[in-house]
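J.: After the structure tokens below, expect a handful of questions from me.
The values are calculated or read from the model by the stated rules, or taken from the named source; none is laboratory data. None of these values were measured; they are calculated from a predicted model. Every residue, glycine as well, gets a Cβ built from its backbone with ideal geometry; the counts of neighbours run over all protein chains shown. Side chains included, ligands, DNA and RNA excluded: accessible areas come from the protein's heavy atoms. Shrake-Rupley method; radii C 1.70, N 1.55, O 1.52, S 1.80 Å.
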Amino acid sequence: MTVYLVGAGPGDPGLLTVRGAELLRRAHVVVYDRLASPALLALAPPAAERVTAGKAPGQVDLTQEQINEVLVDRGRTAVCVVRLKGGDPFVFGRGGEEAEALVAAGIPFEVVPGITSAIGAAAYAGVPVTHRGVSTHFTVVTGHEDPAKDRTDVDWEALARAGGTLVILMGAGRIGVIAQRLIDGGRTPDTPVAAVRNGTRADQRTVRATLATIADAGVKAPSAIVVGDVAALDLAWFETRPLFGRSVVVTRAREQASELRSRLEELGAEVIELPAIEITPVDFTVPALDAYEWLVFTSANGVLAFFDRGLAPAGLDARALAGVRVAAIGPGTARELAARGIRVDLVPPRFVAESLLDAFPAPATSTPRVLLARAEQARDVLPDGLVTRGYAVDVLPVYRTVPATPDEAAIARVRTGAVDAVTFTSSSTVDNFCAALDRLPDPQPLVVSIGPVTSKTAGERGLRVDAEAADHTINGLVATLLSVLSASA
């Protein structure tokens, strides 16, 4: 039984260490801060207990003493307790106090360092805290001391005389007073200042000023404030990404959303996951495949279910498909098949059922049979069309899509139109999105669809479709979204 004090980094979930991710994946309990990324919490097993220990000005879920008690209590009963803390646990994270409580209680613990916002936020703003010929050292200091103390431990005048780079954390509310004391200590009024709010996150904002002007520059918490000549450097890279400052709703099932989410985040977008559907299993038995001329898959989900819940329990693998020709509705499905060792025989030029039907060859035998592995509920265009062409078609439902339970905060944001775009990857995502919202967002954000069938459903539900991907893939959807949002900038 061990408590792990894990640094989550300043905000970007990609900055979590490998060790931190490993521990989250096997956690029994996760005690997390207010700004913890949902993407990191999602790494923990679904059955793991999640305890919020957030603190914000005027709002405290748990006091520090209560957090210590929770860690000691869970540390006595749970095998793996992760205390997920923003930044680094031992850099103004009160991790030392939590470690002291665990030592006193005889609870084993481990510290997993994280990237402090003092360095991470500055780097994402294009400000190096040290730079050859400009600054050879930096000092990290808190701008918010314990209000219960009758003294201050920060000698701002001495810090001013020390020179180099000064990084102030938790100082947004007192920056005017701090700036004046630094000037009084000898820093020149024109000393550059860069205040990075929500550093490393999609809503990062950088305010640039000087010690003389920073008080009136509108600095808000939480900000990492860099003072010194390095703050005049503007090596911007994060805030210049093409979708930086844009918010995009992803309605794809959470099991499928990672590729789309990562692509959008790489372009700088804030991604709001609002999965309209969930993928759930159905019971099925794979029939004797040597009776079929063709095996057809209409989604990557169908491939996963067919192999993992059909072939594997029967003690079979890709060799069971020997002698059967395989068709995939698009490249994503074909890639999933390739990962299972199957090279497909047919992928249509357009990745919809109608195009697959048009590309399907004439029967090669007098008793041709097709096995169609698909969702429990789907359009009948493909099976009906194949029957018309002379095939006997057996439909094998291998998974089910059901409405997902929506996140109320995300729903409220979409309802008010406070997002830039909504993406749809299937008709079921459209139907369940509209059902979850009850009413259409006003004003309506841009709607981008993956293909004509999805666009048709969106139109029938009263949504204005602003763009449709010419290439009906995730890559095509992202390219279309980027073009539309760039044009509207």
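J.: Which GluC sites (Glu not before Pro) does the range 313-415 hold that lie in a coil by DSSP with at most 16 other beta carbons within 10 Å? Display every interim value, and only then the final one.
T.: Numbers: sites: GLU336, GLU354, GLU376, GLU408; in loops: GLU376.
Here the GluC sites (Glu not before Pro) that fit, given the DSSP loop and packing criteria, are GLU376.
J.: For a quick check of understanding: with a 1.4 angstrom probe and all protein chains in place, what accessible area in square angstrom does TYR391 have, to the nearest ten?
T.: It works out to around 10 Å².
J.: LEU311: net charge of surrounding residues, Cβ under 11 Å, Lys/Arg +1, Asp/Glu -1, itself excluded?
T.: Values: positive: ARG309, ARG319, ARG340; negative: ASP308, ASP317.
Around LEU311, the charge tally is +1.
J.: Work out Dmax and Rg for the range 114-265 from the C-alpha atoms and quote the Rg first, both in angstrom.
T.: 17.4, 57
J.: Still on this structure, please answer the following. For the chain, with all protein chains present and a 1.4 Å probe, just round the carbon and sulfur fraction of the accessible area to a whole percent. Walk me through the intermediate numbers first.
T.: Numbers: 11760 of 22220 Å².
That share works out to 53 percent.
J.: Count charges around PHE297 for me, please; just the other residues with Cβ under 9 Å from its Cβ, Lys/Arg as +1, Asp/Glu as -1. It would help to have the intermediate numbers written out before the result.
T.: Working: positive: ARG374; negative: GLU336.
Result for the neighbourhood of PHE297: 0.
J.: I'd like the accessible area for VAL286, computed on protein heavy atoms only with a 1.4 Å probe and all protein chains in place. Round to 10 Å², please.
T.: Using a 1.4 Å probe on the heavy atoms, I get roughly 30 Å².
J.: Of the GluC sites (Glu not before Pro) in the range 22-103, which ones lie in a loop per DSSP and count no more than 11 other C-beta atoms within 10 Å? Present the calculation step by step, with values, prior to reporting the outcome.
T.: Values: sites: GLU22, GLU49, GLU65, GLU69, GLU97, GLU98, GLU100; in loops: none.
Counting only loop positions with at most 11 other Cβ atoms within 10 Å, none of the GluC sites (Glu not before Pro) in the range 22-103 qualifies.
J.: Taking all protein chains together and a probe of 1.4 Å, list ARG25, ARG19 from the most accessible to the least accessible. Mind showing how you got there, number by number?
T.: On the way: ARG25 145, ARG19 75 Å².
Listed by decreasing accessible area, they come as ARG25, ARG19.
J.: Here is a follow-up. Which of the GluC sites (Glu not before Pro) found in the range 240-314 are in a DSSP loop and have at most 15 neighbouring Cβ atoms, other than their own, within 10 Å?
T.: Working: sites: GLU255, GLU259, GLU265, GLU266, GLU270, GLU273, GLU278, GLU293; in loops: GLU255, GLU293.
In loop regions of the range 240-314 (DSSP not H, G, I, E or B), the sparsely surrounded GluC sites (Glu not before Pro) are GLU255.
J.: Okay, next question. Quick check: with the 1.4 Å probe, what order do HIS137, HIS144, HIS472 take by accessible area, largest first? Could the numbers behind the result be given before it?
T.: Working: HIS137 75, HIS144 110, HIS472 25 Å².
Correct descending sequence by accessible area is HIS144, HIS137, HIS472.
J.: Moving on to the next point. Any chance you could list the semi-axes, whole Å, largest first, of the equivalent ellipsoid that the Cα gyration tensor gives for the range 380-487, using √(5λ)? Write down the numbers at each step before the final one.
T.: Numbers: eigenvalues 172, 67, 27 Å².
Over the Cα atoms of the range 380-487, the ellipsoid semi-axes are 29, 18, 12 Å.
J.: Give me, ordered by chain and number, the residues 5 or more places off GLU270 or on other chains with an amide H under 5 Å from its own placed amide H.
T.: Amide H neighbours of GLU270, under 5 Å, 5+ apart: GLY245, ARG246, SER247, VAL248.
J.: How much area per residue is accessible in the chain when the probe is 1.4 Å and only protein heavy atoms are counted (Å²)? Each step should come with its number before you reach the end.
T.: On the way: 22220 Å² over 489 residues.
In whole numbers, the chain has 45 Å² accessible per residue.
J.: Ratio to report: Rg/Rh of the chain, with Cα atoms as the point set and Rh obtained by the Kirkwood method; give two decimals.
T.: 1.07
J.: Let me know the shape class of the range 76-162, please: from the alpha-carbon gyration tensor, a ≥ b ≥ c as square roots of the eigenvalues, rounded when a/c is under 1.5, otherwise prolate if a/b is greater than b/c, or oblate. Mind dumping the intermediate values first?
T.: Numbers: a/c = 3.11, a/b = 1.57, b/c = 1.99.
Taking the square roots of the gyration eigenvalues as a ≥ b ≥ c, the range 76-162 is oblate.
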